[in-house]
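Q: Sharing a structure, written as structure tokens. Questions coming.
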Amino acid sequence: MSIDRLWYTRCPVPTASGIAIHHGWIDAEFAPDGITVSSLRASPDRALRESHFDHRQVNSFRQGGNAPPIWSRSQGQDVVVVGLTWLPQYQSILSLPDSGIASVADLKGRRLALPRRVNEKIDFWRASALQGYLQALAAEGLGAHDVTFVDLPVEAPYIGNVSASANGPLFDARQAAASARAETFALIRGEVDAIYNYGASGPSLQACLGAHVVADINHHPDQKVAINNGTPNVLTVSGALVREHPDLVARYLAQVLRAAAWARAHQQEATRIIAAEVSVVEEWVPDAFDDALFDNLEPSLRPDLVDALRVRKDFLLAHGFIQRDFSIDDWITPEPLAAARRLLAQDVNPAKAA
């Protein structure tokens, strides 16, 4: 069956996919074939946009947090993993400066905010907060029984009336700014003693609150403590597309690899693109994503990343975020990335190509 349209979506995080899309390289790759490449966010159909979470849209690529694709796979969706990255992003537990909470040990007996999106298929933010708390606590010999989790119901959906965009990430700046609203106000009102936050907006929220960093999870000496929604970040593809049109998948991935190489060689320009992708000013990018960022944009299937994905899946299963188990090894399809590397090797200098 011939293909006349491919779809893509990505989370508002630094990705080589976003950089390739910004440059128009993916459009240019498929234009000679008469194949249109479209963003899910360009569609007015909310059900189609929801494919960012459930991966029901055929012939689609997704790069972003791992909870939605893990959930989709557990539900039986035909989606495969073709690449992984470790996203070194802001991930912290915060308290107000006069709380008396200076370290993770001080969380014992305290109230921790745990937002709950009541209208979502997979509540990735709640899962992230719970894992962030539990792993930070475990590293200090504490557990869930040592703290009180305060449930914060949130009615607003992840995908609201977001503005259409021909090539933007799924969430716009307004959604990014509102992502931690429930727990932030609970902290200010004194209903909780600490909150978890991760992502590009974390540094600005910390500065706004004058908050104390109880745990810098991103820089914890044991990297396993930082395993969460973006660690590892997952690049997934519709399974049928991989089976029936592996050449198209390899060509798409070659442009993603090209973008990663370009970003390493053009870090200042890449920072501007990333700032727009994550809806922050450039000044916040180094605080939100550390110096290792540009060495971590290239997708791979390194064993340590696969192991981290397995840890993440097991956590989601153990805590009820997914209902059915599955094999991580069976989920991964390495051939498209290997083929993409062979295609990229044919370019003289992909990092300098524009």
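Q: Rounded to whole Hz and in sequence order, give me ³J(HN,Hα) for the range 66-83 from the Karplus expression 6.51 cos²θ - 1.76 cosθ + 1.60, θ = phi - 60°, writing x for Gly and Pro.
A: These are the phi-based 3J(HN,Hα) values: 8, 4, x, x, 4, 4, 4, 4, 5, 7, x, 5, 7, 9, 10, 8, 10, x Hz.
Q: Could you go through the range 181-188 in sequence order and give the Karplus-derived ³J(HN,Hα) for each residue, using 6.51 cos²θ - 1.76 cosθ + 1.60 with θ = phi - 60°, rounded to whole Hz, and x for Gly and Pro?
A: So the J values, rounded to whole Hz, are 4, 4, 6, 5, 5, 5, 5, 5.
Q: Right, here's the next one. Write down the percent of antiparallel bridges among all DSSP beta bridges whose residues are both part of the chain, to the nearest 5. If you can, show how the numbers build up before the last one.
A: Values: 21 of 38 bridges.
Taking every DSSP beta bridge within the chain, about 55 percent pair in antiparallel fashion.
Q: Right, something else. Residues with beta-carbon under 9 Å from that of residue 264, excluding residue 264: net charge, scoring Lys, Arg +1 and Asp, Glu -1?
A: Values: positive: none; negative: 295, 298.
Counting the neighbours of residue 264, the net charge comes to -2.
Q: From Cα pairs below 8 angstrom and at least 6 apart in sequence, can you work out the relative contact order of the range 45-108, rounded to a whole percent?
A: On the way: 24 pairs, mean separation 13.5, N = 64.
Computed over the range 45-108, the figure is 21 percent.
Q: Another question, then. For 327, 38, give the ranking by accessible area with the largest first, probe 1.4 Å.
A: On the way: 327 50, 38 15 Å².
Sorted by accessible area, descending: 327, 38.
Q: Once you list every other residue whose beta carbon is under 11 Å from the beta carbon of residue 65, what net charge do they have if Lys and Arg are +1 and Asp and Glu are -1?
A: Numbers: positive: 10, 62, 312; negative: none.
Within the 11 Å Cβ shell, the charges total +3.
Q: A follow-up question, please. Residue by residue, what Karplus-based ³J(HN,Hα) values in Hz, rounded to whole numbers, does the range 109-114 have, using 6.51, -1.76 and 1.60 with θ = phi - 60° and x for Gly and Pro?
A: Each residue of the range 109-114 in turn: x, 9, 9, 10, 6, 9 Hz.
Q: Can you tell me the order of 91-98, 199-206, 105-112, 232-239 when each peptide is scored by its average per-residue count of other Cβ atoms within 10 angstrom, highest first?
A: Details: 91-98: 20.1, 199-206: 21.6, 105-112: 16.8, 232-239: 25.6.
Peptide ranking by packing, descending: 232-239, 199-206, 91-98, 105-112.
Q: Want the number for residue 264 to residue 295: 0.36 nm per residue separation, take away the alpha-carbon distance, what's left? Display every interim value, and only then the final one.
A: On the way: separation 31, 0.36 × 31 = 11.16 nm, distance 0.69 nm.
Taking residue 264 through residue 295 to full extension adds about 10.5 nm, to one decimal.
Q: Now, a different point. Long-range amide H contacts for residue 290: which residues qualify at under 5 Å (H placed 1.01 Å from N, peptide plane, sequence gap of 5 or more or a different chain)?
A: Here nothing satisfies the definition.
Q: For the chain, take the longest principal axis of its alpha carbons; what is the angle in degrees between that and the long axis of helix 124-139, to the nearest 10 within 0 to 90?
A: Once rounded, the angle reads 60 degrees.
Q: Can you tell which of 234, 15, 58 lies farthest toward the positive end of the dipole of the chain, using +1 and -1 charges on the Cβ of basic and acidic side chains (Lys, Arg; Asp, Glu)?
A: 58
Q: Using alpha-carbon pairs under 8 Å, 6+ residues apart, how would you state the relative contact order of the chain in percent? Before the final figure, lay out each step's value.
A: Values: 648 pairs, mean separation 106.9, N = 354.
Answer for the chain is 30 percent.
Q: Rounding to the nearest 20 debye, state how big the charge dipole of the chain is about its Cα centre with +1 on each Lys and Arg Cβ and -1 on each Asp and Glu Cβ. Can you show the working numbers first?
A: Working: 32 positive and 41 negative charges, 111 e Å.
The calculated dipole for the chain is roughly 540 debye.
Q: Here is a follow-up. State the volume of the convex hull built on the alpha-carbon positions of the range 226-354, expressed per residue in Å³ and rounded to an integer. The partial results should precede the final answer.
A: Working: hull volume 17.6 nm³, N = 129.
Per-residue hull volume (Cα only) is 136 Å³.
Q: Using the Kirkwood radius over Cα pairs, work out the Stokes-Einstein diffusion coefficient for the chain at 20 °C and 1.002 mPa s, in µm²/s as a whole number.
A: On the way: Rh = 20.6 Å.
Using the Kirkwood radius from Cα pairs, D works out to 104 µm²/s.
Q: Here is a follow-up. For the chain, with every protein chain kept in place, what is the accessible area per residue (1.4 Å probe, Å²)? Intermediate results must be reported in sequence, preceding the final value.
A: Numbers: 14500 Å² over 354 residues.
Averaged over the residues of the chain, the accessible area is 41 Å².
Q: What translational diffusion coefficient, to the nearest whole µm²/s, does the range 16-121 have by Stokes-Einstein, given a Kirkwood radius computed over alpha-carbon pairs, a temperature of 25 °C and 0.890 mPa s viscosity? Write out the running numbers ahead of the final one.
A: Numbers: Rh = 17.8 Å.
Stokes-Einstein gives a translational diffusion coefficient of 138 µm²/s.
Q: Which value does Rg/Rh take for the range 201-272 over its C-alpha atoms, Rh per Kirkwood? Show your work: numbers first, answer last.
A: Values: Rg = 18.2 Å, Rh = 16.1 Å.
Here Rg/Rh amounts to 1.13.
Q: May I ask for the net charge around residue 327, where only other residues with Cβ less than 13 Å from the Cβ of residue 327 are counted and Lys, Arg are +1 while Asp, Glu are -1? Before the final figure, lay out the partial values.
A: Values: positive: 73, 310, 313, 324; negative: 314, 325, 329, 330.
Once positives and negatives cancel, what remains is 0.
The values are calculated or read from the model by the stated rules, or taken from the named source; none is laboratory data. All values derive from a computational prediction rather than experimental measurement. Reconstructed Cβ throughout: ideal geometry from the backbone, glycine too, with neighbour counts over all protein chains shown. With ligands, DNA and RNA removed, areas are computed over all heavy atoms of the protein, side chains included. Shrake-Rupley method; radii C 1.70, N 1.55, O 1.52, S 1.80 Å.
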